[in-house]
Structures are given as C-alpha cells and as structure tokens.
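Trainee: Quick one: the structure is below, and I'll ask about it shortly.
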Amino acid sequence: VSNFWLQLVSVDGNLKFSIIWQFDSLKTLSQRLEDASKIGEAVTWIVTTSDGGVKAMRGIWRWSSPSMPEGIDEFSKSDFCFGAGDYVDGMSLPPVYGHCSGKST
C-alpha cells in the first residue's frame, strides 16, 4: 500500500528525468491500476530534469481509458502511459514527461 511512486527515465544509461507521483490516497498497486483504468487517478507529479530543473504538475492519470489490467499474462489490452501532464491517457496525446507504449498484449 502506498500513496507515492518514483519513476526514473533513462536513455542509453543516462538519467533524463525523474518523476515523483503523489496520489491523494493509499492504495495497493492492483487497486491503483484498476482505478486508473476505470475512472482515472488524481496525481501531483514532481519532475526533476537531469540539469536540476524542478516542475510540479497536477492532473489525472488514466492508465488507458479502454484498458483493464488483467493479471500477469495480459496486463493491458491497449496502449498505456506512465507520465506527467494535465491529462495522461494511453489513448490520447503523450504526456509532457514520461513513457508510453503501443499495443502490449
């Protein structure tokens, strides 16, 4: 159970930025992904770039609006995103900071 995550994004072994995800409530990972798929999760993101810049953003994270995590064998039926922005959804524009994936089944 947690209310924050740390995401590190590297390219060729070089850290490009980190994102601290601060959620409004405590949940298990399973609960968090289910709610992010069904209704979205309110998040405050603190992004730190490799040059030391810091930016705070608040928005809604949708794992992917049409997807639903279904266990280890079929984690997502569609595109998904881990990132920071006003509205982050695997089925919409990419986030300001983060990582998105194409079809993952």
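Trainee: From the Cα gyration tensor of the range 1-66, with a ≥ b ≥ c the square roots of its eigenvalues, which class applies: rounded if a/c is under 1.5, or else prolate if a/b is larger than b/c, or else oblate?
Mentor: prolate
Trainee: Here's a follow-up. Calculate what fraction, in whole %, of the accessible area of the range 1-56 sits on carbon and sulfur atoms when a 1.4 Å probe is rolled over the protein chains.
Mentor: Exposed carbon and sulfur together represent 54 percent of the surface.
Trainee: Once you place label points 7 Å from the Cα toward the Cβ at GLN22 and PHE4, how far apart are they in nm?
Mentor: Each label point is offset 7 Å from its Cα along the Cβ direction, giving 0.7 nm.
The values are calculated or read from the model by the stated rules, or taken from the named source; none is laboratory data. Source: prediction; values computed, not measured. Because the Cβ atoms are built from the backbone with ideal geometry, glycine has one as well, and the counts that use them run over all protein chains shown. These accessible areas exclude ligands, DNA and RNA; they are computed on the full protein's heavy atoms, side chains included. Shrake-Rupley method; radii C 1.70, N 1.55, O 1.52, S 1.80 Å.
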